[in-house]
Every structure is written in structure tokens, then in C-alpha cells.
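The values are calculated or read from the model by the stated rules, or taken from the named source; none is laboratory data. All of these numbers come straight from a predicted model, not from anything done at the bench. Note that we place each Cβ from the backbone using ideal geometry, even for glycine, and neighbour counts take in every protein chain shown. For accessibility, only protein heavy atoms count, side chains too; no ligands or nucleic acids. Shrake-Rupley method; radii C 1.70, N 1.55, O 1.52, S 1.80 Å.
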Amino acid sequence: MDATELAVKQMEAWAADNSHGYDQQYRWGERGDFDCSSAVIAAWEMAGVPVKSSGASYTGNMRGAFLRCGFKDVTAKIDLAVGSGLERGDVLLNYENHCALYCGAGKEVEASINELGTVTGGQPGDQTGREFLVRPYRNYPWNCVLRYGAGASSRPGPEYEYSVKLGLLKEGMEDAQVKTVQILLAAKGYEPGQADGIMGPLTLEAVKSFQRDAGLLDDGEVGGDTWSRLLKE
């Protein structure tokens, strides 16, 4: 699986999990929440594209950092009014106010606003189902569309140098990162069962099967080596 697909699947997994909402104070996942830019930046960093390490921290500096990491500005090829020309994984950017990730089929995924209609002060997690969501494409308006360059290489992040650390996942655990593992396993042809965020028997056996095929110790625990192999193409 390439870096673009990993980034989109991560955003989609966060949007589907109500433990992730919107907040601009605790915006790097300290309590599970993100704001629009930190979500997009974190998803790409998790996919092995070091945009945060290269200086991306908010909408105003994302373009430069992303271009340094192998993205191309394809704005001129896009009809922003209706979204024609967009491809899955394109970064939709408004330099001053907002960003999202295009996920295909006329949809975008984004962290939006908290349950109070403000950017801080809400409860952790998604209280409304619309704090972090997949929604129909609309021109925010966007100033810029960035696309990860064809043939650009990806690498697993160095234990991911932002505050959302990839933890050690064990049998019986219930965690948002388990859902990420389940999505990655399914995409690679394994059968972890429903992507429910629970490290149950089916997920455990799928992890062990993946570990055996990857030449790793098949203990069913998702630690650093297993994470690294899961996040490779």
C-alpha cells in the first residue's frame, strides 16, 4: 500500500471513530482530538512522509513543507468549483483557514469544528458526528491542491515525531490504533474481522498470520517492528 492510500485510510479511520474530535488547543492527539491542519499533517507523517518533520505545523506553512517532501502543486489542473480533476489523497488547502483531504467519489475528509461551534473548549472526542467527518466535496474556497508525487518514496516515521505515538497493542486492548491495524491488515489481504478498534481473536490471528508471513515473531502483539512492516507498501 502506498503512502497516499495510508494517509487517506488514516484520516478515514479517525473520522469513523468518535474518540477523535476537533480542538485547536490539544490538536496533536493528546486527548484524541485534532484540528484541520494537524490531522492532515499527522496522517501523512504516519504514512511515512515527513511533512511535520519538514516544518508543516499549520495551514500557513503547509505548502512549502509538503513541496519539500515530494508533493506537487496541481491547482491549475483542478476545477475547484466542482472538484473535477481531483484524485484520492489530494490535499485541499486554504492558506489562512482550512484544509482537508480528498478521499474520492466526490468526498473529502476533515476535522471541522467542535460541538460548541468553536475551536477550543469542547469535550474530547466527537460529540456531534461532525467534528471529524467525511463529507461531500465543496470549494471552501481552496487556494491550493497538493498531490504526492508519482514515484516518491515513503518510509515509516521514526516512531512518529508528533505526539500521537504508535503504542504497543496486545490481545484484549480497545484502542483507536487497533482500528488502524485492522484497516491495514484488511488492505493487505488478511482477515481481522470488523474494524471496531478491539484486539479480539480474529484480529489477533490476523496479526500473527501477518507476522509469520513477514518473518517476525508471531506473538500477536503490534510493536515497533510490526508497525513498521504494516506501514510499508
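Among the residues in segment 125-136, are any open to solvent by less than 10 Å² (accessible area, probe 1.4 Å), not in a strand (DSSP E or B) and not aromatic (Phe, Trp, Tyr)? For segment 125-136, residues open to solvent by less than 10 Å² (accessible area, probe 1.4 Å), not in a strand (DSSP E or B) and not aromatic (Phe, Trp, Tyr): present.
Looking only at segment 43-58, decide whether some residue is aliphatic (A, V, I, L, M), closer than 22 Å to ASN139 by Cβ and touching a residue at least 60 places away in the same chain (Cβ under 8 Å).
Going through segment 43-58, the residues aliphatic (A, V, I, L, M) turn out to be 43, 46-47, 49, 51, 56.
Filter again for closer than 22 Å to ASN139 by Cβ, leaving 43.
Still in the running and touching a residue at least 60 places away in the same chain (Cβ under 8 Å): none.
No, segment 43-58 contains no residue that is aliphatic (A, V, I, L, M), closer than 22 Å to ASN139 by Cβ and touching a residue at least 60 places away in the same chain (Cβ under 8 Å).
Is it true that some residue in segment 195-208 is open to solvent by 70 Å² or more (accessible area, probe 1.4 Å), under 15 Å from GLU171 (Cβ atoms), more than 20 Å from the chain's Cα centre (by Cα) and not aliphatic (A, V, I, L, M)? Checked against the condition, which is being open to solvent by 70 Å² or more (accessible area, probe 1.4 Å), under 15 Å from GLU171 (Cβ atoms), more than 20 Å from the chain's Cα centre (by Cα) and not aliphatic (A, V, I, L, M), segment 195-208 yields at least one hit.
Only one of the numbered conditions (1) part of a loop (DSSP other than H, G, I, E, B); (2) open to solvent by less than 10 Å² (accessible area, probe 1.4 Å); (3) polar (S, T, N, Q) is not met by SER19, and that is (2).
Restricting attention to segment 106-123, and to residues there that are within 18 Å of the chain's Cα centre (by Cα) and open to solvent by 30 Å² or more (accessible area, probe 1.4 Å), which single residue is farthest from ARG31 (Cα to Cα)? Before you say what the answer is, go through the steps one by one.
Going through segment 106-123, the residues within 18 Å of the chain's Cα centre (by Cα) turn out to be 107-113.
Those left that are additionally open to solvent by 30 Å² or more (accessible area, probe 1.4 Å): 107, 112-113.
On the way: LYS107: 26, SER112: 16, ILE113: 16 Å.
So the residue we want is LYS107.
Select from segment 209-223 the residues that are more than 23 Å from ASP17 (Cα to Cα) and out of contact with any helix residue (DSSP H, G or I) (no Cβ under 7 Å at 6 or more places or on another chain) and write down the one among them that is least open to solvent (accessible area, probe 1.4 Å). Among those that are more than 23 Å from ASP17 (Cα to Cα) and out of contact with any helix residue (DSSP H, G or I) (no Cβ under 7 Å at 6 or more places or on another chain), it is SER209.
May I ask you to say which residue of ALA42, ALA65 is crowded, with 24+ Cβ neighbours inside 10 Å and not in a loop (DSSP other than H, G, I, E, B)?
Values: ALA65 fails: crowded, with 24+ Cβ neighbours inside 10 Å.
On inspection, the qualifying residue turns out to be ALA42.
Assigned to a loop (DSSP other than H, G, I, E, B) and small (Gly, Ala, Ser) - does that describe any residue in segment 90-102? There is no residue in segment 90-102 that is assigned to a loop (DSSP other than H, G, I, E, B) and small (Gly, Ala, Ser). Applying the condition of being touching a Pro at 6+ places or on another chain (Cβ under 8 Å) and more than 15 Å from VAL51 (Cα to Cα) to segment 68-105 and asking which residue is surrounded by the fewest Cβ atoms within 10 Å (Cβ to Cβ) yields ASN94.
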